[in-house]
1. Cβ-Cβ below 7 Å, separation at least six or inter-chain, first residue in segment 1-29 and of a type in the set (Ser, Thr, Tyr), second surrounded by 10 or more Cβ atoms within 10 Å (Cβ to Cβ): which pairs?
2. Restricting to segment 1-53, count the residues that are among the aromatic types (Phe, Trp, Tyr) and more than 15 Å from the chain's Cα centre (by Cα).
3. For segment 129-144, enumerate the residues that are surrounded by 11 or more Cβ atoms within 10 Å (Cβ to Cβ) and under 19 Å from the mean Cα position of the chain (by Cα).
4. Considering segment 66-80 alone, what residues qualify as being in contact with a Lys or Arg (Cβ under 9 Å, 6 or more places away or on another chain), aliphatic (A, V, I, L, M) and part of a strand (DSSP E or B)?
5. Any residue at all in segment 54-66 that's closer than 21 Å to residue 99 by Cβ, modelled with pLDDT under 90 and within 10 Å of the chain's Cα centre (by Cα)?
6. Can you confirm whether residue 106 is of a type outside the set (Gly, Ala, Ser) and out of contact with any strand residue (DSSP E or B) (no Cβ under 6 Å at 6 or more places or on another chain)?
7. Would you mind telling me which numbered condition in (1) in a helix (DSSP H, G or I); (2) more than 16 Å from the chain's Cα centre (by Cα); (3) more than 26 Å from residue 8 (Cβ to Cβ) residue 87 fails?
8. Taking segment 90-115 as the search range and keeping residues that are under 16 Å from the mean Cα position of the chain (by Cα) and among the basic types (Lys, Arg), which one is surrounded by the most Cβ atoms within 10 Å (Cβ to Cβ)?
Amino acid sequence: MKPEETVDYNVKVCWHAISRMYNTEAAKNDITTSIGFVLLNINQETGTPATKIAPLLGLEARSLTRILKSMEEKGLIYKVSDDKDKRLVRIFLTELGLEKKEVSRRTVLHFNHKVQEAIPQEELNTFFRVSERIINMIENKEIF
């Protein structure tokens with residue numbers, strides 16, 4: 001079997017292409033794809049506990065710590081200790097962070113719109129169903 005005939009190869013190549021595209025757009029706005037995804041997952045009204053962000057993005061805590069430090073240095077976020085539980089730190093966006101979140105949101109929506117224009121909904125629905133089944137197989141340890 002050729003690599004390009006395997007599921008994992010196609011998923012990886014597709015994700016890398018998407019990631020490169022997002023990184024190109026992010027770089028125009030002095031952020032990275034990872035920063036963009038973190039921005040999109042911060043609730044500005046209530047703040048988002050730092051511990052909740054990593055699982056949402058499938059990141060290790062160490063990786064998130066580096067990203068948050070970089071975001072703080074760029075003036076995109078600030079941290080607030082929770083009033084009730086001082087161990088809990090909530091992440092909020094600065095004005096600049098809100099601007100970059102909007103850029104990230106528009107970029108993701110634009111990509112999805114272009115894909116939906118080019119690929120019939122029936123094919124996208126099949127893609128979503130297949131992706132969900134593969135994820136469930138992995139999570140339910142049906143593979144190894």
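1. Filtered contacts from segment 1-29: 9/3; 19/33; 22/33; 22/36; 22/107.
2. Of segment 1-53, the ones among the aromatic types (Phe, Trp, Tyr) are 9, 15, 22, 37.
Among the residues that remain, those that are also more than 15 Å from the chain's Cα centre (by Cα) are: 9.
Qualifying residue count for the region: 1.
3. 131
4. Selection gives 80 alone.
5. Restricting attention to segment 54-66, the residues satisfying the condition of being closer than 21 Å to residue 99 by Cβ are 57.
From what is left, the residues that are modelled with pLDDT under 90 are 57.
After this cut, where a residue has to be within 10 Å of the chain's Cα centre (by Cα) as well, the list is 57.
For segment 54-66, residues closer than 21 Å to residue 99 by Cβ, modelled with pLDDT under 90 and within 10 Å of the chain's Cα centre (by Cα): present.
6. Numbers: of a type outside the set (Gly, Ala, Ser): yes; out of contact with any strand residue (DSSP E or B) (no Cβ under 6 Å at 6 or more places or on another chain): yes.
For residue 106, the condition - of a type outside the set (Gly, Ala, Ser) and out of contact with any strand residue (DSSP E or B) (no Cβ under 6 Å at 6 or more places or on another chain) - is met.
7. The single condition residue 87 does not satisfy is (1).
8. Result: 100.
The values are calculated or read from the model by the stated rules, or taken from the named source; none is laboratory data. Just so we're clear, the structure is a prediction, and the values are computed from it rather than from any experiment. Positions of Cβ are generated from backbone atoms using ideal geometry, with glycine treated the same way; all protein chains shown enter the neighbour counts.
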